[in-house]
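See below for the structure under consideration.
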Amino acid sequence: MNIVVDKKRCPQNHPCPAVKVCPVNAMTQKGFAAPEIDAKACIACKKCIRFCPMGAIREG
Ligand code: SF4
């Protein structure tokens, strides 16, 4: 399963708070851009999905 970021839902105007909840540091963010998820590092724990208030992170 891949976890993906929906750029249409992410407002891309703030530091992504979900980056900090990832237990394996699979999420990175450049500036205020939508965060990227390293599919090889991600263990699909779904913490970021539950954390994002915009619902911008989902199973892909
Ligand atoms: S699903 Fe879990 S491991 Fe994958 S990016 Fe989100 S918080 Fe990190």
Selection within the range 8-18 - assigned to a helix (DSSP H, G or I) and crowded, with 17+ Cβ neighbours inside 10 Å: A18
Filter result (of a type in the set (A, V, I, L, M, F, W, C), surrounded by 14 or more Cβ atoms within 10 Å (Cβ to Cβ) and within 16 Å of E59 (Cβ to Cβ)) within the range 34-43: I37, C42
Report, by residue number, each residue of the range 9-60 that is among the aromatic types (F, W, Y) and either within 9 Å of the ligand (Cβ to nearest atom) or touching an Asp or Glu at 6+ places or on another chain (Cβ under 7 Å) (or both). F51
Candidates G31, G55, filtered to the one that is without any contact (Cβ under 8 Å) to a residue 24 or more places away in the chain and loosely packed, with under 14 Cβ neighbours inside 10 Å: G31
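Yes/no matrix, rows are residues, columns are (1) modelled with pLDDT of 95 or more; (2) not hydroxyl-bearing (S, T, Y):
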| residue | (1), (2) |
| --- | --- |
| K7 | yes, yes |
| P11 | yes, yes |
| P17 | no, yes |
| T28 | yes, no |
| G31 | yes, yes |
| A39 | yes, yes |
| C42 | yes, yes |
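The values are calculated or read from the model by the stated rules, or taken from the named source; none is laboratory data. Worth saying up front: this structure is predicted, and the values here are computed from it rather than measured. Cβ coordinates were reconstructed from backbone atoms using ideal geometry, including for glycine residues, and neighbour counts include every protein chain displayed.
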